[in-house]
Every structure is written in C-alpha cells, then in structure tokens.
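K.L.:
Once you've had a glance at the structure underneath, I'll fire off some questions.
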Amino acid sequence: MKKFYLTLAAVAALTFASQAQTEKGKFIVGGGLGFDIEKVKDTDVKSNSFNIMPSAGYFVSDNIAVGLSLGYQWNKNEYDVAANVTERTNSAFAVAPFGRWYSANGPVRFFGQLSVPMSWGNQKVNDEKTAEIANYGVELAPGIAYFPTSKIGLEFKVRGLYFNSQSNDPVGDTPKTTVNSFGLNANSLAPTVGVQFYF
C-alpha cells in the first residue's frame with residue numbers, strides 16, 4: 001500500500017510540475033545551433049555552414065505562449081571550376097516571431113507552433129557582392145514535449161505545413177527572381193529534437 005501511495009505522489013508531482021511550466025506569466029527559452037562541413041573526396045569542392053537561432057517566449061495565458069527567435073545564418077561553397085576555385089558565400093540575419101499552444105496538463109504534452117520565419121542578407125562570389133537575398137515564410141509545426149523536470153522540456157517536432165518565398169536580387173541589370181515553395185513535411189523518422197527551458 002505504501003508503494004501505491006508513493007507512485008501516486010510521484011505522478012501527481014510530475015503532473016503539477018508540467019502544468020506549472022505553461023501557466024500564464026512563465027517564460028520559455030531555447031533555440032538552435034548548427035555547424036556543418038562537407039567535402040567531395042579527391043576534389044577542391046567543399047562547403048561550410050553555420051547558424052544560430054536563440055528564442056524566447058512568454059505565456060500570455062495558460063498553455064499559450066508568444067515569442068521571438070533571432071539569429072544569423074552563414075554558408076560558404078567552394079567549387080573547382082576548370083582548376084580555378086570559385087567561392088560563393090551567403091549570409092543573412094534571421095527573425096521568426098512565433099505562437100505556441102500546448103495540450104492539456106501532464107508530463108507528456110502535444111503542441112502546435114505557428115511561426116513566421118524571415119531573413120535578409122547577401123550573396124558574395126570571390127568576396128564581391130553579387131546579390132541581395134530575402135526569405136519570407138509561414139510554418140505550422142506539430143510536436144510533442146516531455147517534461148522530466150519542472151524546468152526542462154524535451155521536444156520532438158516535425159516541420160509540418162509550410163510556405164516560403166525566396167527572392168534573389170542580383171547587382172546590376174540582371175532581373176530579380178522569386179521562388180515560392182509550399183509543402184507538408186511530417187516525416188516522423190527525421191524530427192527536430194530540442195530542449196526548452198521554462199521558468
């Protein structure tokens with residue numbers, strides 16, 4: 001009987017802890033950091049990329065948070081064109097306001113996040129600016145969060161439904177190009193895994 005009461009107390013504590021993290025007036029802090037290097041064997045072709053995107057949000061009511069992500073994206077590609085290596089570098093400042101809704105209380109909870117990712121930057125070839133680039137999008141991403149403690153949430157999220165408009169405005173007389181993409185990406189075998197902090 002004593003074991004039953006201990007189990008019941010543990011479940012109640014986990015439920016209360018997860019409820020306390022998404023109540024009105026609390027904060028959520030997280031973000032992303034990435035670095036990637038790729039090289040084609042026996043050639044001079046290689047690429048490097050780096051991105052950082054910290055985020056913070058505030059619960060305006062129980063289970064509903066609004067927030068903002070700010071960051072920087074950079075990538076560099078080197079090509080072996082007739083033994084004359086050409087470098088292309090893209091860099092951009094990124095911002096993504098978001099809103100997030102959590103399901104009913106418990107240590108495991110579903111959530112949905114609506115975000116508006118945007119970025120502005122430029123493209124350079126051999127250190128000479130060749131174009132200005134901009135991206136505007138909307139994403140609706142579903143996910144699941146597990147709260148092992150009162151201040152940490154482990155997340156699994158897929159990209160979900162998205163729309164993106166990317167423009168490239170070259171320097172000079174070359175016309176501006178815009179590429180629009182729309183899709184649904186719900187690959188459960190390749191989710192985004194993350195950690196959020198609640199306080």
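K.L.:
Defining a contact as two alpha carbons under 8 Å apart and six or more residues distant in sequence, what relative contact order in percent does the stretch 146-198 show?
P.N.:
Numbers: 81 pairs, mean separation 25.5, N = 53.
Relative contact order here is 48 percent.
K.L.:
Take a quick pass over the chain and tell me how many lysine pairs come in under 26 angstrom between Cα atoms, counting only ones 8 or more apart or on separate chains.
P.N.:
Total qualifying Lys-Lys pairs in the chain comes to 17.
K.L.:
Further question: Using 7 Å Cα-to-Cβ label points, what is the SER181/PHE197 separation (nm, one decimal)?
P.N.:
3.2
K.L.:
Which of THR22, THR86, THR174 ends up with the largest GNM mean-square fluctuation for the chain, with Cα atoms connected below 10 Å?
P.N.:
Looking only at THR22, THR86, THR174, the biggest GNM fluctuation is shown by THR174.
K.L.:
Okay, helix-only estimate at 222 nm for the chain: each DSSP H run of n ≥ 4 adds -39500 (n - 2.57), divide by all residues, round to 500 deg cm²/dmol; what do you get?
P.N.:
The helix-only estimate for the chain comes to -3500 deg cm²/dmol at 222 nm.
K.L.:
Percent relative contact order of the stretch 2-198, based on C-alpha pairs within less than 8 angstrom and at least six residues apart?
P.N.:
Relative contact order comes out at 17 percent.
K.L.:
Next question. If I model a spin label at ASP42 and THR86 as a point 7 Å from the Cα along the Cα→Cβ vector, what separation in nanometres do I get?
P.N.:
2.4
K.L.:
Next question. Please name which of PHE27, PRO107, ILE52 has its Cα lying farthest along the dipole of the chain towards the positive end, using unit charges on Cβ (Lys, Arg +1; Asp, Glu -1) and the Cα centre as origin.
P.N.:
About the Cα centre, the residue reaching furthest to the positive side is PRO107.
Laboratory data are not the source of any read-out in this text; all were calculated from the coordinates shown. Bear in mind the structure is a predicted one, so any value in this text is a computation, not a measurement. Here the Cβ is made from the backbone with ideal geometry for all residues, glycine too, and neighbour counts use every protein chain on show.
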